[in-house]
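The values are calculated or read from the model by the stated rules, or taken from the named source; none is laboratory data. Given the structure is predicted, the values throughout are model-derived calculations rather than measurements. Methodologically, a virtual Cβ is constructed for each residue, glycine included, from the backbone with ideal geometry; neighbour enumeration extends over all protein chains shown.
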Amino acid sequence: MLVGSRHTLDGLVFMLPKLARDLADAFWPGALTIIVEHAPSLQWDLGETGGTVAVRMPLHPVALEVLRETGPMAVSSANKLGQPAARTAEEAREQLGYAVRIYLEAGASVDPEPSSIVDLTGEVPRVLRNGAIPFEKIRDVVPDIVGPDDGDHRSEERSASQQSPDVES
């Protein structure tokens, strides 16, 4: 889910963890996706997410302007599974074709790396995917966070069906 403001989290999330607010304050807008438990009032079909939602505030002026006008958007990555992320509307069109009704050309993505994904729904905060924000910088904000290769992977299994909203970071 893409949001145009940090404050939008309050309406989407059930009991927003302090760590989510700390991460958003440190890295939003930017290439950080945060997985949290969604509010019971969120009635959007987000797929099989186990009551969670992946939220990101992109660092792109056009995306932010659209999101501030429309409110949050449920989106998926701008690429097919296993393919590199599209960096332009044309690359997205080549991969997705007519499966997408509208493409908005806003220039090439400046960051070739996908967003980093942090899961805050388990007992221990976990980076599920290393990405544009280095693990060390995330750990500066959340000292007890573990990486994708550390220990218990239950949160990874839960998020396997969740696609990160990787739009222009």
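Points to keep in mind about this one:
- Evaluating residue 103 against the criteria (1) within 27 Å of residue 124 (Cα to Cα); (2) hydroxyl-bearing (Ser, Thr, Tyr); (3) modelled with pLDDT of 85 or more leaves one unmet condition, (1).
- Taking the criterion of being exposed (fewer than 14 other Cβ atoms within 10 Å of the Cβ), charged (D, E, K, R) and either within 24 Å of residue 14 (Cα to Cα) or at pLDDT below 95 (or both), the residues of the stretch 106-153 that qualify are 123, 144, 149, 150, 152.
Every residue, every condition in (1) among the hydrophobic types (A, V, I, L, M, F, W, C); (2) in a loop (DSSP other than H, G, I, E, B), yes or no:
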position: 54; (1), (2): yes, no
position: 66; (1), (2): yes, no
position: 96; (1), (2): yes, no
position: 103; (1), (2): no, yes
position: 106; (1), (2): yes, yes
position: 114; (1), (2): no, yes
position: 121; (1), (2): no, yes
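- Condition met for residue 66 (out of contact with any Asp or Glu (no Cβ under 6 Å at 6 or more places or on another chain), modelled with pLDDT of 85 or more and under 26 Å from residue 6 (Cα atoms)): yes
- Some residue of the stretch 77-84 being at pLDDT 95 or above, under 23 Å from residue 132 (Cβ atoms) and among the hydrophobic types (A, V, I, L, M, F, W, C): no
- In the stretch 75-91, the residues that are closer than 11 Å to residue 109 by Cα form Cβ pairs under 7 Å with partners that are charged (D, E, K, R) and crowded, with 18+ Cβ neighbours inside 10 Å, at six or more places apart or across chains, as follows: 85/166.
- The requirement of being buried (at least 18 other Cβ atoms within 10 Å of the Cβ), hydroxyl-bearing (Ser, Thr, Tyr) and modelled with pLDDT of 90 or more is fulfilled nowhere in the stretch 50-57; no residue meets it.
- Qualifying positions in the stretch 85-98 - more than 21 Å from residue 29 (Cα to Cα) and at pLDDT below 85: none
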